[in-house]
Ligand code: ATP
């Protein structure tokens, strides 16, 4: 019996180790966001963020030259405002986020932050200026303190706790067996989708960037969790420029501007009420989504967009 189970147990361990190594490598690329072909121009200065205005000027992009994905996107996000990108799956929303972070370079046009073309500044300064809250926050197999502290090297315990409070995850952490010393991730405590997202928010609060890129979770969170998380995101967004990639419409009604993309082009833009009144693409998407999931309609009695 021992002779049979030992090798199997050993193989299981090896399998888990290999799998974990692959997960860690995947995480590393995910976190570094550094494709090899993007380099700094020699002597590039750092980005100087004065207000945080983001301008997309006739942005064109194709992953593969034969298939244009963005076909001339022009969009200004004034400093401190929130813009939501909406549109059908595959319309190019996430691609805009990847270009802003310079995961790829535009193939035409330009992206400028406070007047500086992002291709002309150091990637480090660009990445320091933008906080990304991804769909699925990657956790290290380490303590929850480390996982939040990853947002800014050298953060003190007090700062980590303040960030956890802002992300409304502090009380949850205190309820864990070892509090902030609890190991999370694949080998430790598994966190739920909503809890992972809060860790992502806490990291970003700690980083304190002037520009936020939020990639809304596509994975279903329950409605209450989604509303709670949205509140934390809204609080974090105050005073910053926010670009939200919204895969659903339920969370965008408050945005200063909603941009509707279809097949790589802007087909409508405006505030929620204006777009509903226009009875165009957005109004149709809203009606469809409300019919599919009535729970996603704004709470009764709350004027839309307030
Ligand atoms: P969703 O709401 O489903 O996330 P999206 O609007 O964010 O969609 P994108 O992820 O920007 O859409 O994708 C736009 C198009 O680009 C899609 O047709 C997609 O297949 C393609 N695409 C995305 N990433 C890559 C890639 N790395 N290589 C090649 N094509 C890609």
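Could you work out how much longer the chain between residue 292 and residue 112 gets when fully extended? Use 0.36 nm per residue separation minus the Cα distance between them, nm to one decimal. Write down the numbers at each step before the final one.
On the way: separation 180, 0.36 × 180 = 64.80 nm, distance 3.82 nm.
Separation in residues times 0.36 nm, less the Cα-Cα distance, equals 61.0 nm.
Considering region 185-266, its Cα convex hull presents a mean projected area of 6.7 nm². For residue 186 and residue 171, the difference between the fully extended length at 0.36 nm per residue and the C-alpha to C-alpha distance is 3.2 nm.
Applying 1/(1 + (r/R0)^6) with r as the Cβ-Cβ distance of residue 63 and residue 153 and R0 = 35 angstrom yields a FRET efficiency of 0.60. Take the Cα of residue 274, step 7 Å toward its Cβ, do the same at residue 238, and the gap between the two points is 2.5 nm.
Determine, from the Cβ-Cβ distance of residue 162 and residue 142 and an R0 of 25 Å, the FRET efficiency 1/(1 + (r/R0)^6), rounded to the nearest 0.05. Calculated value: 0.80.
Distance between the 7 Å Cα→Cβ label points at residue 208 and residue 48: 2.1 nm. The order of 268, 216, 262, going from fewest to most other C-beta atoms within 10 Å of their C-beta, is 262, 268, 216.
Note on residue 41 and residue 267: their simple-model spin labels are 3.6 nm apart, each label 7 Å out from Cα toward Cβ. Each part gets one Cα centre, and for region 99-145 versus region 210-267 those centres are 17 Å apart.
Summary of packing: across the peptides 103-116, 242-255, the per-residue average of other C-beta atoms within 10 Å ranks them, highest first, as 242-255, 103-116.
Since every read-out is calculated from the coordinates, none of them should be taken as a lab result. Since we're looking at a predicted model, the values are computed, not measured. Note: ideal-geometry Cβ built from the backbone for every residue, glycine included; neighbour counts use all protein chains shown.
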